[in-house]
Amino acid sequence: RVELCWRGNIPHTFPPMLPPQKMDVQGRETKGGMPLMLTIMSSAAMGALVTLGGVLMLQKNDLSLSRPFDMPTVPAVVDQGCSRRSRIDNPGLKFAPTAAEQALGELTAAEVQAVARFVSEKTGATGTRNSSKDCIWLSGPSAVELLIPPKTETVAFIDGKGPQPARYARVTTAGPDGVNEWKVGPIVNGTVAADATLFSLRKGQIPYNKRPTENSADAVIADGILNATLQTMKPLLVASFGNSFPMLDGFNPEEGVVDEIFRNDALGPKGQRDDILIFQWFPPAPVRPEAAWLHPLPLTVKINTTSVDPAHWTTSAVWYCGQGPFDSAADLMKAHEKGDIRICPFNKETGHWDVPQRTTAKDPTGRHPLETTGGVNWGPWSFTVTQRPSSGPALLDVRFRGERILYELSLQDAMAAYSGTEQTQFFYADASWSLSMLSASLEPGVDCPEGAHFLPVANWMHIVEGGMAVSNPLETRTFYPVCVFEWTEDHTIWRHMQNSDPLDVRGLTRKTVVVRTIATVGNYDYITDIKLREDGEIEVKTRFAGFIEARHFDEKGNPDERNFSTIIRPDLAGPVHSHLVNWKADFDIAGTRENALQITRVKAAPLTNTKTETASSPSPLISKYLEREYLEQEGIGKSTFVAHPEHPGAWAVVDRKATSAAGNPRGYQIALASWSTTQVLPDTHPFVQAVPLTKYHLAVTKQHDDEYRSSSAYVQYDGGEVVQNAQDVDRFLSNEEGLLDEDLVTWIGVGREHIVRQEDLPLVSNFGAGFHLVPWNFFTQNVAASPPWEEL
């Protein structure tokens, strides 16, 4: 509980501990909570509204409403040292523990280690996989994470109406008996309770070949197979790429170093797990190692890693300079000895084009302040920040002037799907690698401005020399990948010139609090900003940064690459690829969990009883009009939507029992921040089936505790195999439950197709995609321009 000195010396406890009643300045209870509405709307280039292609349905409903529209009267003037200052004019940024953090905040580093030790003692699981066929290990980016408690119990606790839900961990293990998820706990005071239990949640539902991605363990285990494969090809490799292979005799580091990268394969036969090894050339010092992303070798090795026993892993295919596949390295060398293999040129030129030459200096004073809690209060906003080890940032119990707008706003996944042939196309679901733990603490002066506050997050992945990440929850540490800061933006909330003499220009600069987190996943950096503004708007945007993942190009070896890529240097191709980001927004409109999706469409039709007819305006005259309906049932094609610039409209989650004096349900709009693509590939493609939310700008489902994320960590391998009861938006939609006056969850997808250009060398100029959550009849007026609760 954090108490501030308010006007009249009335102590006020910030929400999460706010009582459910609203209080006026004298402490009297007001009539009721603010009914809100969420509208989801899209806009295209040139300011055109973007629509709901294919939005249909719904009956016209009678708006018989009972909840009154009543502005909250929480005092707006906060004393800092009891001096009168407007909470909006000088919002201030404060951190304090919250009930939401106690219930929903991700496990701390100490909790992760305690749980990992407990599971290790009970099951024999190791923190990192080894080569034994009997090994059981803590697996993947969700190896140890919070088991989300039931929403009903959690809301009661946050609102002060019930006890705190017991804290449990969800633990993922893999081993000879397959993949399992466990419920572990309770966790009390940062450690596992003396009476803790280990309960299986998913035994037998997850095939072993679908086990989570292991960032380095599988690569280390496969070294023996790989080295033997490369040794067989030594004469060809040295002739093509020089003495740059550390595992081959004659290695000369002055010629640079060739190293491999493990890539998941979703296109293999059903029931089979394959890893694809691609190779990069690291130029010799002093060139920075990151330049290797722009020096790909025309060499690929596929390893079958299906077996529980790594001794049975085998090399299943080899490609060289666009030639193949060969069943083995020996088959390739036989063809080479016959003169059937063409040796392609490989250029080891480096320069200003492969490493950036200009950088901004880091702030020498370092990160400060370092916060210990994720509860944030700023101006009219209160919320809790946490970060999931797999899926990344989440805002919890988001409130404006004490009223809950969002129970959860969280990143879910980020797909990068690359074009190519059967051999060269691939995709990453980056939550399966980790949208948190492969990153560094944010750098002040580069990532975050002066005055930013840095938040702690648990991390059990350690980047080692060569760029691989060692995963071990038994060795968890704290790092700081999230910063929060106040910001005055470069545009106004409102601006107008009065037509007078003299002319009179007025406006209000836009103040905001920014939650920023940056996730590096290999070559790409995802820079995510969540901006909460004093007029009630929330902007969510992810920018895509870093190096492109390039392919070698040879006009004689792979001329078809021009169909899939931009040739950005004579020997370098940049394949077209998508960046599709998925979000979850669980709205509780003013704390109300009985909501409906209202669909508004902008249409055109002839006016009746018009007589005017001119050359430019035939009779009858045409006008635009609004058509509104309510969605009754979830389902693919029913509660899924893709915006279309020629069919404008709006999606709105509303509390139908709460309206303004004007008769409007109150709420929040979700507007696409710019043109946003969805999935280009067909629905039947394995990449799409792995992350189905990429098909939609919006999907709406009924809230269920066991439907907690849009896709799982098991999607990167074997696209033909199905995981039972998977976290999968299309599975959630298949329930086809009723959606009128229910607790709704909105799943939001935004993205861009990255058509590579020469200016993406050496690094991408950051670009992104996002959406806005904007008050939509939430207030009676613009509360930043004219706050109804302020003394002006």
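Just to be sure I understand, how many residues within the range 284-310 are under 22 Å from Asp718 (Cα atoms) and either open to solvent by less than 20 Å² (accessible area, probe 1.4 Å) or part of a loop (DSSP other than H, G, I, E, B) (or both)?
Narrowing the range 284-310 to residues under 22 Å from Asp718 (Cα atoms): 300-310.
Still in the list and also either open to solvent by less than 20 Å² (accessible area, probe 1.4 Å) or part of a loop (DSSP other than H, G, I, E, B) (or both): 300-301, 303, 305-310.
Result for the range 284-310: 9.
Restricting to the range 262-283, name every residue that is in a strand (DSSP E or B) and over 20 Å from Phe326 (Cα atoms).
We begin by selecting, within the range 262-283, every residue in a strand (DSSP E or B); these are 262-264, 274-282.
Of everything in the range 262-283, those that are in a strand (DSSP E or B) and over 20 Å from Phe326 (Cα atoms) turn out to be Gln280, Trp281, Phe282.
What are the pairs with Cβ atoms under 6 angstrom where one residue, in the range 256-273, is β-branched (Val, Ile, Thr) and the other, located anywhere, is open to solvent by 30 Å² or more (accessible area, probe 1.4 Å)? Sequence gap at least six, or different chains.
Sorted first by the residue in the range 256-273, then by its partner, the pairs are Val257/Phe282.
Considering the range 195-206 alone, what residues qualify as being farther than 20 Å from Asp134 by Cβ and either polar (S, T, N, Q) or open to solvent by 30 Å² or more (accessible area, probe 1.4 Å) (or both)?
So the first thing to find is which residues in the range 195-206 are farther than 20 Å from Asp134 by Cβ, and the list is 195-197, 199, 201-202, 205.
Within the range 195-206, Asp195, Thr197, Phe199, Leu201, Gln205 qualify.
Please enumerate the residues belonging to the range 535-549 that are within 18 Å of Leu409 (Cα to Cα) and part of a loop (DSSP other than H, G, I, E, B).
Matches in the range 535-549: Gly536, Glu537.
Could you go through the range 627-650 and let me know if any residue there is at positive phi and open to solvent by 10 Å² or more (accessible area, probe 1.4 Å).
Yes: one or more hits.
Contact list please: Cβ distance under 6 Å, first residue in the range 573-586 and outside any strand (DSSP E or B), second residue open to solvent by 10 Å² or more (accessible area, probe 1.4 Å), pairs at least six apart or on different chains.
Correct list of pairs: Val576/Ser419; Val576/Ile755.
Among the residues of the range 718-761, which ones are assigned to a strand (DSSP E or B) and open to solvent by less than 20 Å² (accessible area, probe 1.4 Å)?
Leu744, Val745, Thr746, Trp747, Ile748, Gly749, Val750, Gly751, His754 - these are the residues of the range 718-761 that are assigned to a strand (DSSP E or B) and open to solvent by less than 20 Å² (accessible area, probe 1.4 Å).
So how many residues does the range 340-364 have that are within 18 Å of Pro298 (Cα to Cα), open to solvent by 60 Å² or more (accessible area, probe 1.4 Å) and of a type in the set (S, T, N, Q)?
1
Can you find a residue in the range 595-610 that is at pLDDT below 95, under 29 Å from Val484 (Cβ atoms) and either open to solvent by 20 Å² or more (accessible area, probe 1.4 Å) or assigned to a loop (DSSP other than H, G, I, E, B) (or both)?
Checking the range 595-610: not a single residue is at pLDDT below 95, under 29 Å from Val484 (Cβ atoms) and either open to solvent by 20 Å² or more (accessible area, probe 1.4 Å) or assigned to a loop (DSSP other than H, G, I, E, B) (or both).
Kindly check whether there is at least one residue in the range 416-434 that is closer than 30 Å to Lys362 by Cα and open to solvent by 40 Å² or more (accessible area, probe 1.4 Å).
Of the range 416-434, the ones closer than 30 Å to Lys362 by Cα are 416, 430-431, 433-434.
Applying the additional criterion that residues be open to solvent by 40 Å² or more (accessible area, probe 1.4 Å) yields none.
No, there is no match, as no residue in the range 416-434 is closer than 30 Å to Lys362 by Cα and open to solvent by 40 Å² or more (accessible area, probe 1.4 Å).
Which ones in the range 458-478 are over 16 Å from Val115 (Cβ atoms) and either within 19 Å of the chain's Cα centre (by Cα) or open to solvent by 20 Å² or more (accessible area, probe 1.4 Å) (or both)? Don't jump to the end; show me each part of the working.
To start, the set of residues in the range 458-478 that are over 16 Å from Val115 (Cβ atoms) comprises 461-470.
Hits for the range 458-478 are Met461, His462, Ile463, Val464, Glu465, Gly466, Gly467, Met468, Val470.
Find all pairs meeting these conditions: Cβ atoms under 9 angstrom apart; at least six residues apart or on different chains; first residue within the range 329-357 and within 30 Å of Gln758 (Cα to Cα); second residue hydroxyl-bearing (Ser, Thr, Tyr) and assigned to a helix (DSSP H, G or I).
Between residues of the range 329-357 that are within 30 Å of Gln758 (Cα to Cα) and residues that are hydroxyl-bearing (Ser, Thr, Tyr) and assigned to a helix (DSSP H, G or I), the close pairs are Ile343/Ser240; Cys344/Ser240; Pro345/Ser240; Phe346/Ser240.
Filter the strands (runs of 3 or more DSSP E) completely within the range 388-446 down to those with at least 2 residues that are of a type in the set (S, T, N, Q).
Numbers: elements: 392-400, 403-418, 426-429.
Counting at least 2 such residues, we get 403-418.
I'd like the full set of residues that are of a type in the set (D, E, K, R) and out of contact with any Cys (no Cβ under 9 Å at 6 or more places or on another chain), limited to the range 364-406.
Step one: filter the range 364-406 for residues of a type in the set (D, E, K, R), giving 367, 371, 388, 397, 399, 401, 403-404.
Those that are of a type in the set (D, E, K, R) and out of contact with any Cys (no Cβ under 9 Å at 6 or more places or on another chain): Glu371, Arg388, Asp397, Arg399, Arg401, Glu403, Arg404.
Quick one: which strands (runs of 3 or more DSSP E) lie wholly within the range 63-170 and hold at least 1 residues that are in contact with an Asp or Glu (Cβ under 9 Å, 6 or more places away or on another chain) and at pLDDT 95 or above? Reasoning before the result, please.
Values: elements: 77-80, 83-86, 93-95, 144-147.
It comes to 93-95, 144-147.
Please pick out the residue among His368, His336 that is part of a loop (DSSP other than H, G, I, E, B), of a type outside the set (Val, Ile, Thr) and open to solvent by 10 Å² or more (accessible area, probe 1.4 Å). It would help to see each step written out before you state the result.
Values: His336 fails: part of a loop (DSSP other than H, G, I, E, B).
From the options His368, His336, the qualifying one is His368.
When you scan the range 526-556, how many residues do you find that are open to solvent by 30 Å² or more (accessible area, probe 1.4 Å) and either free of Cβ contacts under 8 Å to residues at least 24 places away in the same chain or on the phi > 0 side of the Ramachandran plot (or both)?
The total comes to 1.
Between residues in the range 692-711 that are under 20 Å from His644 (Cβ atoms) and residues that are assigned to a loop (DSSP other than H, G, I, E, B) and hydrophobic (A, V, I, L, M, F, W, C), which pairs lie under 7 Å by C-beta distance while being six or more apart or on different chains?
His697/Ala643; Val700/Leu631; Val700/Leu739
What's the total number of residues in the range 673-688 that are within 24 Å of Tyr428 (Cα to Cα), among the aliphatic types (A, V, I, L, M) and within 17 Å of the chain's Cα centre (by Cα)?
So the answer is 1.
Could you tell me whether any residue of the range 489-510 is under 30 Å from Glu549 (Cα atoms), in a strand (DSSP E or B) and open to solvent by 20 Å² or more (accessible area, probe 1.4 Å)?
Filtering the range 489-510 down to residues under 30 Å from Glu549 (Cα atoms) leaves none.
The answer is no; no qualifying residue exists.
Six or more apart or on different chains, Cβ under 9 Å: which pairs go from a residue in the range 136-147 that's in contact (Cβ under 8 Å) with a residue 60 or more places away in the chain and at positive phi to one that's part of a strand (DSSP E or B) and open to solvent by 10 Å² or more (accessible area, probe 1.4 Å)? Could you list them?
These pairs meet every condition: Gly140/Ser471.
Search the range 764-789 for residues being in a loop (DSSP other than H, G, I, E, B) and open to solvent by less than 50 Å² (accessible area, probe 1.4 Å), and hand back the single one that is nearest to Trp747 (Cα to Cα).
As a first pass, look at the range 764-789 and keep what is in a loop (DSSP other than H, G, I, E, B): 764-766, 777-789.
After this cut, where a residue has to be open to solvent by less than 50 Å² (accessible area, probe 1.4 Å) as well, the list is 764, 778-779, 783-785, 787, 789.
Working: Val764: 28, Phe778: 21, Phe779: 25, Val783: 28, Ala784: 29, Ala785: 31, Pro787: 32, Trp789: 33 Å.
The extreme case among them is Phe778.
Out of Val184, Val192, Val144, Val179, I need the residue that is farther than 30 Å from Ala99 by Cα, β-branched (Val, Ile, Thr) and surrounded by 20 or more Cβ atoms within 10 Å (Cβ to Cβ). Which one? It would help to see each step written out before you state the result.
Details: Val184 fails: farther than 30 Å from Ala99 by Cα; Val192 fails: farther than 30 Å from Ala99 by Cα; Val144 fails: farther than 30 Å from Ala99 by Cα.
Among Val184, Val192, Val144, Val179, only Val179 is farther than 30 Å from Ala99 by Cα, β-branched (Val, Ile, Thr) and surrounded by 20 or more Cβ atoms within 10 Å (Cβ to Cβ).
Can you name the residue in the range 225-245 that is open to solvent by less than 50 Å² (accessible area, probe 1.4 Å) and of a type in the set (Ser, Thr, Tyr) and, of all such residues, is farthest from Gly322 (Cα to Cα)?
Ser244
The values are calculated or read from the model by the stated rules, or taken from the named source; none is laboratory data. Small disclaimer: the values here were computed from a predicted structure and weren't measured. We place every Cβ from the backbone using ideal geometry, glycine too, and count neighbours over all the protein chains shown. Accessible surface is based on the protein model in full, side chains and every heavy atom, while ligands, DNA and RNA are left aside. Shrake-Rupley method; radii C 1.70, N 1.55, O 1.52, S 1.80 Å.
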